[in-house]
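Engineer: One structure, pasted below without further comment.
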Amino acid sequence: MEKTTSSIQIRPPCYGNLITILSIDGGGIRGIIPGVILAYLESQLQELDGEDARLADYFDVISGTSTGGLITAMLTAPNENKRPLYAANEITPFYLKQSPQIFRQTRGIFASVMNLVKALVGPKYDGKYLHKLLRGILGGTRLHQTLTSVVIPTFDIKNLQPTIFSSYQVTDAPILDALLSDICIGTSAAPTYLPAYSFENHDQQGNVKEFNLIDGGVAANNPALVAVSEVTKQLLKKNPDFFPMKPMDYDRFLIISIGTGSPKSEHKYNVKKASKWGLVGWLYNNGSTPLVDIFNQGSADMVDFHICVVAEALHSVDNYLRIQVDTLSGDLASVDVSTEKNLENLVKVGEDLLTKTVSRVNVETGSYEPIENGGTYKEALTKFAKLLSDERKLRQSKFVDMKETK
């Protein structure tokens, strides 16, 4: 199964100095926030390398969970010209247009009661529009056809274990070479919001595997560490694309991890109230789903904490950028309030985030703190764009040199 190729597809890490990873969290309509961030990053790459530059040309791996998995597919699935299906600046308009159809809002004075009833008897949304939309956009594109390697976590509820759809696994496990549309529907099937999703996949040897999937956020709402693990497996296998890097060469990873926001502290759950909740309270409370929110946010923060600890130990913090906002409140903190006002406000959150000072988790306290002289996220992304551009040019130069010497 050969990769789809293009004239400026990224060369393997063996021709350069770094392994480049882009990771995008889950978060429903809050995918608008990374949409804004990614549009800025791609614009900086285009200033350096021309308007045809796309994110898939610079990252060895793009990983995404849930809504991040959808963005991953949009950035890496090939169009008829074997270029990315979507430019980064088309992601936010996509969300603004499609979110009201995916998450149709219940209106009227009894809306909260109706939402509670839905939460008790089934998923809040039937998912039919989303399923049709993804199949229409992604068509027959399969995992092995993405323009760079992707890693998309899901969770199989029949086997009670994560299922990671990884480009790196397709050769050894061709049964995982599923349709991107099926993978995206599976990774976005958030419990209580969208129905669990089942499909069968067939490989060329006639083997059949059934997948019974829910949202990948159950296992890895922040998929950055999953992406690092998939690359590390290749280093252990001595994949020639990564030679001569070693499994412990974590200082050679360049990682941009983009969150979809979390509530500010005073809007998070109150332990006095939570101590009185029963099943209904944990599954549905004041328009939110505490159990799902806690699992997703907890796993995302732990991944960031782990990577920060490793980066500090290896003196490579300058190669790791986590972009997250933890001051959301009200509708902004929801994953499905798709009113025009809320969607526009989410765009503003992303734009404002770009102007904020870069923060990093304090490994002693677990709190996010601004970095002294760290500059803004805009400035950080501009710096990372230069690193990515230089790495790509280095790889291309070495690739040409090696071809000429053969």
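Engineer: Residues that are buried (at least 20 other Cβ atoms within 10 Å of the Cβ), within 19 Å of the chain's Cα centre (by Cα) and among the β-branched types (Val, Ile, Thr), at least 3 per element: which helices (runs of 4 or more DSSP H) completely within segment 177-260 meet that?
Structural biologist: The qualifying helices (runs of 4 or more DSSP H) are 180-187, 224-236.
Engineer: Read through the list (1) open to solvent by less than 60 Å² (accessible area, probe 1.4 Å); (2) modelled with pLDDT under 95; (3) assigned to a helix (DSSP H, G or I), then give the number of the only condition that Val337 fails.
Structural biologist: Here Val337 meets the rest and fails (3).
Engineer: Tally the residues that are open to solvent by less than 10 Å² (accessible area, probe 1.4 Å) and outside any loop (DSSP other than H, G, I, E, B), restricting the search to segment 15-29.
Structural biologist: Here the count works out to 7.
Engineer: A further question on this structure: Sort through Ile109, Ile137 and tell me the only one that's farther than 21 Å from Glu210 by Cβ, modelled with pLDDT of 95 or more, aliphatic (A, V, I, L, M) and out of contact with any helix residue (DSSP H, G or I) (no Cβ under 7 Å at 6 or more places or on another chain).
Structural biologist: Numbers: Ile109 fails: modelled with pLDDT of 95 or more.
Among Ile109, Ile137, only Ile137 is farther than 21 Å from Glu210 by Cβ, modelled with pLDDT of 95 or more, aliphatic (A, V, I, L, M) and out of contact with any helix residue (DSSP H, G or I) (no Cβ under 7 Å at 6 or more places or on another chain).
Engineer: Can you tell me which condition Gly350 does not meet? The list is (1) modelled with pLDDT of 90 or more; (2) on the phi > 0 side of the Ramachandran plot; (3) of a type in the set (Gly, Ala, Ser), and all the others hold.
Structural biologist: (2)
Engineer: Can you name the number of the only condition in (1) modelled with pLDDT under 95; (2) over 15 Å from Ile29 (Cβ atoms); (3) not charged (D, E, K, R) that Thr76 fails?
Structural biologist: Only one criterion in (1) modelled with pLDDT under 95; (2) over 15 Å from Ile29 (Cβ atoms); (3) not charged (D, E, K, R) is unmet by Thr76, namely (1).
Engineer: Does segment 311-320 hold any residues that are out of contact with any helix residue (DSSP H, G or I) (no Cβ under 6 Å at 6 or more places or on another chain) and either modelled with pLDDT of 75 or more or crowded, with 17+ Cβ neighbours inside 10 Å (or both), and which are they?
Structural biologist: Kept after step one, since they are out of contact with any helix residue (DSSP H, G or I) (no Cβ under 6 Å at 6 or more places or on another chain), are these residues of segment 311-320: 312-313, 315, 318-319.
Asp318, Asn319, listed by residue number.
Engineer: Tally the residues that are of a type in the set (D, E, K, R) and farther than 30 Å from Ile294 by Cα, restricting the search to segment 216-244. Can you show your working first?
Structural biologist: At the first step, the residues of segment 216-244 found to be of a type in the set (D, E, K, R) are 230, 233, 237-238, 241.
If we keep only those that are farther than 30 Å from Ile294 by Cα as well, we get 237-238, 241.
So the answer is 3.
Engineer: Quick check on Asn373: is it of a type in the set (S, T, N, Q) and assigned to a helix (DSSP H, G or I)? Give the steps one after another, and end with the answer.
Structural biologist: Working: of a type in the set (S, T, N, Q): yes; assigned to a helix (DSSP H, G or I): no.
In short, no.
The values are calculated or read from the model by the stated rules, or taken from the named source; none is laboratory data. None of these values were measured; they are calculated from a predicted model. Glycine also receives a Cβ, built like all others from the backbone with ideal geometry; neighbour counts cover every protein chain displayed. For accessibility, only protein heavy atoms count, side chains too; no ligands or nucleic acids. Shrake-Rupley method; radii C 1.70, N 1.55, O 1.52, S 1.80 Å.
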